Amino acid sequence: MRVFLALGVVLFHYQLHWTLPPEAAGLLNRARLGVDVFFILSGFIMAHVYLRDGRPLNYPKFLAARFARIYPAHLFILVAMLVLVLVAPLLGVGLEPGRFNAGDFVQTLILVQAWFPRQTLALWNGPAWSLSAEWFAYLAFPIYAWIGLRWSARPWALLALATALFVVIDAAYRARYGIVLPRAEDNMGVLRIIPEFLYGVGLYQLGRRWRIAPQVAVAAAVSSSVVLLGLMQIGADDRLIVASAGPFLLSLALLAKAGVRSFLSAPVVLLGGEASLALYLVHIPVLMVWRNAAQAILDLPGDYRMSLPELAGLLLVTLTLALLIHLWIERPGREVLRRLLIRPPKPSQGR
């Protein structure tokens, strides 16, 4: 599932530059909400991994494991962006003055760029704002864990709390900034994950209590998918689409619980899920380099529109780089950090 969410965000950014008319984008205009679906999914998965047996959370070990998961690819791509920014003037590529600044670099480096009010985007790697929000949720996970365990027998109350949080935060964000919460990114984008992560925790606790027949699970998965994609296609309110992502994710979990195999369990899809973080983080730098190179080599204007064959080539390059980053940077880096940060349990002393 993660690879399709990441791919949706990639295609959303591509459709901003292609030659097709705006009405042809349809579904892709709302594909950016794949970030919200991922936030919900993240809460669901963290609850499944760390709350299912009711044991106390080993917070240092948890943080170390999450840091090792997200940081190697982030650091590699951020350093690559730094190199590109330093080299760009030497190649005659103009950069907007002040946009790639030291303050934004440091905030992006330590993953706090989406925690505070700001007037401009942190351009060092735009998609990393959601990683900043994700890191906040990991730091706050003991609170989520306490609520999730305390209310584990009342999942509907958890879902009601998540909904109430979303409504309140959305109202406050609209009053302050004039846009709905699912459009918050660098400017306090951390607010976006607070209720959505809890939504995922509530969905997990609800799903634990349900077991449905395979035929019902298939019907639920198909119908919830149609509803979600239909709402995206017609351009429904962002908040309604985010809400509908919950039944969609829950139906997929129940599908697996019912023992129904789907294409989501295919090896290539699983590998894509593993590489989805690299794909999500690398696609904007690759798009930036590609377009600047095309403008320089072919003498194209800065706002030139990309044809579908060009976009297909760009996507192929991006997917290849994402896979290589995952295999050569992300996986080895994760193992190194886990060895450095997570101490193995001491063997029990026998008499």
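Here PRO285 passes the criteria (1) open to solvent by less than 50 Å² (accessible area, probe 1.4 Å); (2) over 30 Å from VAL85 (Cα atoms); (3) not aliphatic (A, V, I, L, M) except the one numbered (2).
Which members of the range 148-165 meet the condition of being open to solvent by 30 Å² or more (accessible area, probe 1.4 Å) and more than 12 Å from LEU57 (Cβ to Cβ)? Even if it seems obvious, please write down each step before you answer.
Kept after step one, since they are open to solvent by 30 Å² or more (accessible area, probe 1.4 Å), are these residues of the range 148-165: 149-154, 156-157, 160-161, 163-165.
ARG150, TRP151, SER152, ALA153, ARG154, TRP156, ALA157, ALA160, LEU161, THR163, ALA164, LEU165 - these are the residues of the range 148-165 that are open to solvent by 30 Å² or more (accessible area, probe 1.4 Å) and more than 12 Å from LEU57 (Cβ to Cβ).
Among the residues of the range 48-70, those that are in a helix (DSSP H, G or I) and free of Cβ contacts under 8 Å to residues at least 12 places away in the same chain comprise VAL49, PRO60.
Within the range 153-162, not a single residue is closer than 25 Å to THR108 by Cβ and at pLDDT 95 or above.
One line per residue, one yes/no per condition, for (1) in contact with a Phe, Trp or Tyr (Cβ under 7 Å, 6 or more places away or on another chain); (2) within 30 Å of ARG99 (Cα to Cα); (3) hydroxyl-bearing (Ser, Thr, Tyr); (4) in contact (Cβ under 8 Å) with a residue 24 or more places away in the chain:
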position	(1), (2), (3), (4)
GLY189	yes, yes, no, yes
LEU198	yes, no, no, yes
ILE212	no, no, no, yes
VAL227	no, no, no, no
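Would you confirm, using the coordinates I've provided, whether ALA88 is in a helix (DSSP H, G or I) and in contact with a Ser or Thr (Cβ under 6 Å, 6 or more places away or on another chain)? Spelling it out, it is not the case that ALA88 is in a helix (DSSP H, G or I) and in contact with a Ser or Thr (Cβ under 6 Å, 6 or more places away or on another chain). Under the condition of being exposed (fewer than 14 other Cβ atoms within 10 Å of the Cβ), touching a residue at least 24 places away in the same chain (Cβ under 8 Å) and assigned to a helix (DSSP H, G or I), which residue from the range 293-316 is nearest to the chain's Cα centre (by Cα)? Ranking the qualifying residues of the range 293-316, first place goes to LEU308.
Of all residues in the range 14-47, those satisfying the criterion of being touching a helix residue (DSSP H, G or I) at 6+ places or on another chain (Cβ under 8 Å), over 17 Å from LEU279 (Cβ atoms) and not in a helix (DSSP H, G or I) are HIS17, TRP18, THR19, LEU20.
Conditions (1) among the hydrophobic types (A, V, I, L, M, F, W, C); (2) open to solvent by 20 Å² or more (accessible area, probe 1.4 Å); (3) in a helix (DSSP H, G or I), marked per residue:
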position: ALA175; (1), (2), (3): yes, yes, yes
position: ILE194; (1), (2), (3): yes, yes, yes
position: VAL201; (1), (2), (3): yes, no, yes
position: ARG211; (1), (2), (3): no, yes, no
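Only residues that are over 16 Å from the mean Cα position of the chain (by Cα) and open to solvent by less than 60 Å² (accessible area, probe 1.4 Å): list them for the range 116-138, please. Hits for the range 116-138 are ARG118, ALA122, LEU123, TRP124.
So how many residues does the range 72-104 have that are more than 25 Å from GLN295 (Cα to Cα) and surrounded by fewer than 18 Cβ atoms within 10 Å (Cβ to Cβ)?
Restricting attention to the range 72-104, the residues satisfying the condition of being more than 25 Å from GLN295 (Cα to Cα) are 72-76, 102-104.
In the following step, the residues that additionally are surrounded by fewer than 18 Cβ atoms within 10 Å (Cβ to Cβ) were identified as 75, 102-103.
Total satisfying the criteria: 3.
Candidates LEU319, LEU341, LEU324: the one that is under 30 Å from ARG66 (Cα atoms), in contact with a Phe, Trp or Tyr (Cβ under 9 Å, 6 or more places away or on another chain) and open to solvent by 50 Å² or more (accessible area, probe 1.4 Å) is LEU341.
Charged (D, E, K, R), modelled with pLDDT of 90 or more, under 30 Å from ARG261 (Cβ atoms) and crowded, with 17+ Cβ neighbours inside 10 Å - does that describe any residue in the range 52-67? Break it down stepwise before answering.
Taking the range 52-67 and keeping what is charged (D, E, K, R), we get 52-53, 55, 61, 66.
Narrowing the set further to residues that are modelled with pLDDT of 90 or more leaves 61, 66.
Right, trim to under 30 Å from ARG261 (Cβ atoms) and you get 66.
If we keep only those that are crowded, with 17+ Cβ neighbours inside 10 Å as well, we get 66.
Yes: one or more hits.
The lone criterion from (1) β-branched (Val, Ile, Thr); (2) over 18 Å from the mean Cα position of the chain (by Cα); (3) at pLDDT below 95; (4) assigned to a helix (DSSP H, G or I) left unmet by VAL260 is number (4).
The values are calculated or read from the model by the stated rules, or taken from the named source; none is laboratory data. Quick caveat, the model's predicted, so the values are computed rather than measured. Glycine also receives a Cβ, built like all others from the backbone with ideal geometry; neighbour counts cover every protein chain displayed. Heads up: the accessible areas ignore ligands, DNA and RNA and are worked out on the full protein's heavy atoms, side chains in. Shrake-Rupley method; radii C 1.70, N 1.55, O 1.52, S 1.80 Å.
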